[in-house]
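The values are calculated or read from the model by the stated rules, or taken from the named source; none is laboratory data. All figures in this text were calculated on a predicted structure; none of them were measured in a lab. Reconstructed Cβ throughout: ideal geometry from the backbone, glycine too, with neighbour counts over all protein chains shown. Each accessible area value is taken on the protein alone, full model and side chains, heavy atoms only, with ligands, DNA and RNA left out. Shrake-Rupley method; radii C 1.70, N 1.55, O 1.52, S 1.80 Å.
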Amino acid sequence: MAKLSIARLSAYARPEAHLTKQTSHGAIVTLVGASLAIFLFLNELGYFWKLHRVTKMSVDLERRHDLNINMDMVFSAVPCAVLSMDILDVSGTMESDVNFARGMNMHKHRLDSKGKQIGKAEYLTPQSQQMIQDGMGGGMMNINIPQAMKHLTEMEDEEGHHEGCRLKGNMVVKRVAGRIHLSVHQHQIFMMMPQLMGSHHIPRVLNMSHHIHEVSFGPHYPGMVNPLDGFERIIVRGKQYEAFKYFIKVVPTEYYSRLGRVTETHQYSVTEYSSPIPADSPLVASVDIMYDISPIVVTVNDRPPSFLHFLVRMCAVIGGVFAVTRMTDRWVHWIVGKVVK
Ligand SMILES: *[C@@H]1O[C@H](CO)[C@@H](O)[C@H](O)[C@H]1NC(C)=O
């Protein structure tokens with residue numbers, strides 16, 4: 001019976017040691033081949049580690065949570081007491097900074113006429129209005145007159161000192177089109193009952209010059225750009241006052257980091273308009289930020305290509321170099337043999 005052993009399956013027959021011979025030109029070819037293999041290996045490794053950002057777009061099919069807005073803006077000519085902030089959206093939300101707004105986590109810091117912060121504490125707007133729900137879907141506005149009077153005095157006082165205000169914080173709003181309305185407090189109650197005002201007056205502030213430190217909709221990821229950050233609009237002396245409008249399209253974005261961690265956030269694009277306010281018009285100054293949610297979701301993927309793929313390429317590189325080197329070695333051996341003869 002023929003000797004059938006597993007060794008017969010080997011594709012690599014080993015010559016006996018006394019039949020092999022090492023030559024110096026063979027050594028040179030081996031060294032060159034080895035360096036080439038190392039060089040190509042490092043090159044592949046570098047390619048594997050390099051950032052491969054892939055951006056994809058698709059229709060947003062998920063039901064997502066509420067929208068988180070981060071804001072940090074400086075109004076150099078509007079005192080904190082005068083600056084009003086309302087959020088309105090198409091689902092019927094109407095929140096204001098004088099009515100115990102729940103989703104708002106905004107803080108006001110008073111700035112002196114030079115732009116330096118006054119004190120450490122934030123400015124707390126007197127809460128003069130409260131919606132009383134009547135349990136049948138309706139509501140009634142309850143106005144706290146002492147708080148409104150306090151607010152009025154503070155408005156006059158801060159305006160007299162040419163104060164400014166830094167508005168900073170975040171708020172959670174519904175995922176529908178809406179508007180952040182920044183303007184000056186009007187206090188309807190004093191319009192209805194002017195006798196309450198006595199010798200006070202409501203300051204008329206028209207200079208809504210502002211500097212935007214940040215407007216963003218969710219956490220940051222590497223390479224994210226918020227187009228409004230650092231934006232500034234100043235109404236120079238002698239020019240007409242203006243009301244500003246920003247129209248923002250919020251684009252849901254999912255970011256996958258290198259290690260596969262997901263960050264759910266939003267990018268946005270913005271267009272900006274302003275309209276003049278004639279000096280004798282009853283219009284009030286304002287900055288409106290209208291936002292709307294895009295139905296398209298963007299996926300930004302920083303994950304590297306698969307490791308198995310990398311292994312396949314590695315084998316191809318090393319095997320290829322090995323084969324080429326062997327071929328070269330044979331040629332070199334042949335040539336050397338001819339020359340020596
Ligand atoms: C509006 O306020 C800005 C910032 O304080 C100031 O530079 C500018 O001169 C003011 N404009 C007018 C018309 O008062």
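Which ones in region 121-144 are touching a strand residue (DSSP E or B) at 6+ places or on another chain (Cβ under 9 Å), in a loop (DSSP other than H, G, I, E, B) and modelled with pLDDT of 75 or more? Break it down stepwise before answering.
Taking region 121-144 and keeping what is touching a strand residue (DSSP E or B) at 6+ places or on another chain (Cβ under 9 Å), we get 121-125, 128-134, 139-144.
Right, trim to in a loop (DSSP other than H, G, I, E, B) and you get 121-122, 124-125, 128, 134, 144.
Matches in region 121-144: Ala121, Glu122, Leu124, Thr125, Ser128, Asn144.
Listed by first and then second residue, the pairs with beta-carbon distance under 6 Å, at least 6 apart or on different chains, first residue in region 248-264 and on the phi < 0 side of the Ramachandran plot, second among the hydroxyl-bearing types (Ser, Thr, Tyr) and assigned to a loop (DSSP other than H, G, I, E, B), are Lys249/Ser294; Val251/Ser294; Tyr255/Tyr221; Thr263/Tyr221. In summary, strands (runs of 3 or more DSSP E) completely within region 183-286 and bearing 1 or more residues that are modelled with pLDDT of 95 or more and among the basic types (Lys, Arg) occur at 241-256. Tallying residues that are surrounded by 15 or more Cβ atoms within 10 Å (Cβ to Cβ) and polar (S, T, N, Q) within region 260-283 yields 4.
Residues in region 40-58 that are surrounded by 12 or more Cβ atoms within 10 Å (Cβ to Cβ) and closer than 20 Å to Val317 by Cα: Leu40, Phe41, Glu44, Leu45, Tyr47, Phe48.
Can you name every residue in region 10-32 that is within 19 Å of Phe322 (Cα to Cα), open to solvent by 100 Å² or more (accessible area, probe 1.4 Å) and in a loop (DSSP other than H, G, I, E, B)? Within region 10-32, Tyr12, Arg14, Lys21, Gln22 meet the criteria. Sort out which residues of region 204-229 are open to solvent by 50 Å² or more (accessible area, probe 1.4 Å) and away from the ligand (no atom under 16 Å from the Cβ), and write them in order of number. Once the filter is applied, which keeps residues that are open to solvent by 50 Å² or more (accessible area, probe 1.4 Å) and away from the ligand (no atom under 16 Å from the Cβ), region 204-229 yields Glu214, Pro219, His220, Pro222, Gly223, Val225, Pro227, Asp229.
Could you tell me which residue of region 230-259 is most open to solvent (accessible area, probe 1.4 Å), considering only residues that are away from the ligand (no atom under 16 Å from the Cβ) and more than 18 Å from Thr55 (Cβ to Cβ)? So, considering only residues that are away from the ligand (no atom under 16 Å from the Cβ) and more than 18 Å from Thr55 (Cβ to Cβ), the one most open to solvent (accessible area, probe 1.4 Å) is Leu259. Among the residues making up region 14-38, those that are under 60 Å from the mean Cα position of the chain (by Cα) and of a type in the set (Val, Ile, Thr) are Ile28, Val29, Thr30, Val32, Ile38. Here region 83-108 is the region considered, the condition is being more than 17 Å from Asn68 (Cα to Cα) and open to solvent by 40 Å² or more (accessible area, probe 1.4 Å), and the residue that is modelled with the lowest pLDDT is Phe100.
One residue alone among Phe39, Phe48 is on the phi < 0 side of the Ramachandran plot and in contact (Cβ under 8 Å) with a residue 24 or more places away in the chain, and that residue is Phe48. Being surrounded by fewer than 17 Cβ atoms within 10 Å (Cβ to Cβ), of a type outside the set (A, V, I, L, M) and either within 27 Å of Leu51 (Cβ to Cβ) or touching a Ser or Thr at 6+ places or on another chain (Cβ under 6 Å) (or both) is a property that Gly337 lacks. Scanning region 286-334 for residues that are of a type in the set (A, V, I, L, M, F, W, C) and under 30 Å from Phe244 (Cα atoms), we see that the one that is surrounded by the fewest Cβ atoms within 10 Å (Cβ to Cβ) is Ile296. Taking region 171-183 as the range and being more than 18 Å from His210 (Cα to Cα) and not hydrophobic (A, V, I, L, M, F, W, C) as the test, the residues that pass are Lys174, Arg175, Gly178. In summary, Val317 fulfils each of the numbered conditions (1) out of contact with any Pro (no Cβ under 9 Å at 6 or more places or on another chain); (2) away from the ligand (no atom under 16 Å from the Cβ); (3) closer than 21 Å to Phe217 by Cα with the single exception of condition (3).
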